[in-house]
Amino acid sequence: MAEDELSFTRGESNWTNQLGSLRNVIRQEVIASHLAEVAQPGMTVLDVGCGQGTQLLRLAEAGCAVTGVDPSENLLALLRTASSERGLTAETHQASLDNLTDVLGARTYDLVCAHGLLMYLPERAGAIDVLASRVTPGGVLSLTFRNGDALAMRHGLRRNWQAAIEAFDSDTYVNELGVQARADHLDDIEQELAASGLTVERWFGVRVFNDAVPAGTPTPPADELAELLAAEIEASRRDPYRHVASQTHVLARRQTHLGTRRLPPRAS
């Protein structure tokens with residue numbers, strides 16, 4: 001089992017228990033609003049680390065042909081149940097980033113999603129290379145990661161001053177699932193994507209105003225939730241708000257020609 005599988009497995013039950021919480025609903029709705037800008041009926045979609053398939057099934061409803069890959073059979077079972085209940089078709093495979101070729105062969109896709117995956121991986125550049133290799137020329141990679149430029153924000157908003165001070169110079173943290181994870185910086189991600197033949201076209205923040213709410217906080221009444229989500233979605237697209245969001249979401253397009261080469265690492 002790969003290290004990323006072991007890391008997330010430790011928090012999987014907490015993840016499942018929090019699927020309907022305010023924090024998770026905001027994350028899913030904000031990301032969905034960004035994906036709606038690029039998703040088109042008839043597109044082929046691969047979601048690596050798809051979990052219970054929230055985004056994958058929305059893309060299926062939008063007319064995309066979807067494939068989900070995740071190491072957790074429990075989460076894939078939730079995806080299959082939801083797919084059946086909604087009358088949707090979703091191809092699923094129990095696998096990790098390390099063995100995609102075993103289940104997918106050399107297939108490529110118009111849209112490749114990897115949401116909340118990088119934070120659990122020990123090595124970023126190789127993972128981005130693998131994901132990029134699955135994007136068709138002209139296709140898009142949708143990638144989310146913990147925003148390393150705002151790692152102290154949650155602690156500060158919760159008035160946990162010592163943790164905030166420690167977070168200023170750290171790229172690791174313990175997330176709301178109780179799992180050790182890594183934060184990344186947008187400029188580093190952009191450089192790695194460029195080295196793999198992809199160019200960031202748009203980037204967004206995810207969870208600006210409500211990141212400090214406690215894990216498990218329920219959603220408010222429908223009218224209030226609608227206003228809350230409208231504010232979060234607008235903040236996700238605007239400066240300076242997106243810079244202090246909990247997560248960053250990038251949409252990067254693969255060059256229409258192949259044969260890219262890896263750039264040398266940036267000097268520190």
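Would it be correct to say that residue 62 is at pLDDT 95 or above, aliphatic (A, V, I, L, M), surrounded by 15 or more Cβ atoms within 10 Å (Cβ to Cβ) and under 15 Å from the mean Cα position of the chain (by Cα)?
no
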Review point. Any chance the range 1-21 includes a residue that's of a type outside the set (Ser, Thr, Tyr), at pLDDT 95 or above and not in a loop (DSSP other than H, G, I, E, B)?
Key: no
Review point. So is residue 173 surrounded by 19 or more Cβ atoms within 10 Å (Cβ to Cβ), over 25 Å from residue 68 (Cβ atoms) and touching a residue at least 24 places away in the same chain (Cβ under 8 Å) or not?
Key: yes
Review point. Just checking, which of 172, 136, 199 is within 29 Å of residue 21 (Cα to Cα) and of a type in the set (Ser, Thr, Tyr)?
Key: 172
Revision key, fill the gap. Of the candidates 224, 192, the one satisfying the condition of being in contact (Cβ under 8 Å) with a residue 24 or more places away in the chain and acidic (Asp, Glu) is 192
Point to revise | Flag for residue 134 being closer than 22 Å to residue 39 by Cα, touching a helix residue (DSSP H, G or I) at 6+ places or on another chain (Cβ under 8 Å) and not β-branched (Val, Ile, Thr) | key: yes
Check your understanding: So which residues in the range 177-201 are modelled with pLDDT of 95 or more and among the β-branched types (Val, Ile, Thr)?
Key -> 189, 199, 200
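Could you tell me how many of the residues in the range 45-95 are of a type in the set (Ser, Thr, Tyr), more than 18 Å from residue 142 (Cα to Cα) and in contact (Cβ under 8 Å) with a residue 12 or more places away in the chain?
Residues flagged as of a type in the set (Ser, Thr, Tyr), more than 18 Å from residue 142 (Cα to Cα) and in contact (Cβ under 8 Å) with a residue 12 or more places away in the chain within the range 45-95 amount to 4.
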Check your understanding: What number of residues within the range 93-120 satisfy the criterion of being within 18 Å of the chain's Cα centre (by Cα) and hydroxyl-bearing (Ser, Thr, Tyr)?
Key -> 3
Check your understanding: Based on what the data block shows, is residue 111 in contact with a Phe, Trp or Tyr (Cβ under 9 Å, 6 or more places away or on another chain) and part of a strand (DSSP E or B)?
Key -> no
Check your understanding: In this structure, is residue 136 β-branched (Val, Ile, Thr), crowded, with 18+ Cβ neighbours inside 10 Å, at pLDDT 95 or above and outside any helix (DSSP H, G or I)?
Key -> no
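Please find, among 46, 78, the residue that is crowded, with 20+ Cβ neighbours inside 10 Å and either assigned to a helix (DSSP H, G or I) or at pLDDT 95 or above (or both).
Numbers: 78 fails: crowded, with 20+ Cβ neighbours inside 10 Å.
On inspection, the qualifying residue turns out to be 46.
Suppose we filter 131, 88, 104 for residues that are modelled with pLDDT of 95 or more and crowded, with 22+ Cβ neighbours inside 10 Å; which single one remains?
Criteria check complete, one pass: 131.
The rows are residues; the columns are (1) under 14 Å from residue 115 (Cα atoms); (2) out of contact with any Leu (no Cβ under 8 Å at 6 or more places or on another chain); (3) of a type in the set (Gly, Ala, Ser).
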site: 20; (1), (2), (3): no, yes, yes
site: 27; (1), (2), (3): yes, yes, no
site: 63; (1), (2), (3): no, yes, yes
site: 75; (1), (2), (3): no, yes, no
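For (1) under 20 Å from the mean Cα position of the chain (by Cα); (2) farther than 24 Å from residue 38 by Cβ; (3) surrounded by 18 or more Cβ atoms within 10 Å (Cβ to Cβ), each residue gets a yes or a no:
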| site | (1), (2), (3) |
| --- | --- |
| 202 | yes, no, no |
| 209 | yes, yes, no |
| 216 | yes, yes, no |
| 220 | no, yes, no |
| 232 | yes, no, yes |
| 241 | yes, no, no |
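The values are calculated or read from the model by the stated rules, or taken from the named source; none is laboratory data. Keep in mind that this is a model prediction, so the values were computed, not measured. Don't worry about glycine lacking a Cβ; one is built from the backbone with ideal geometry, like all the others, and counts go over all protein chains shown.
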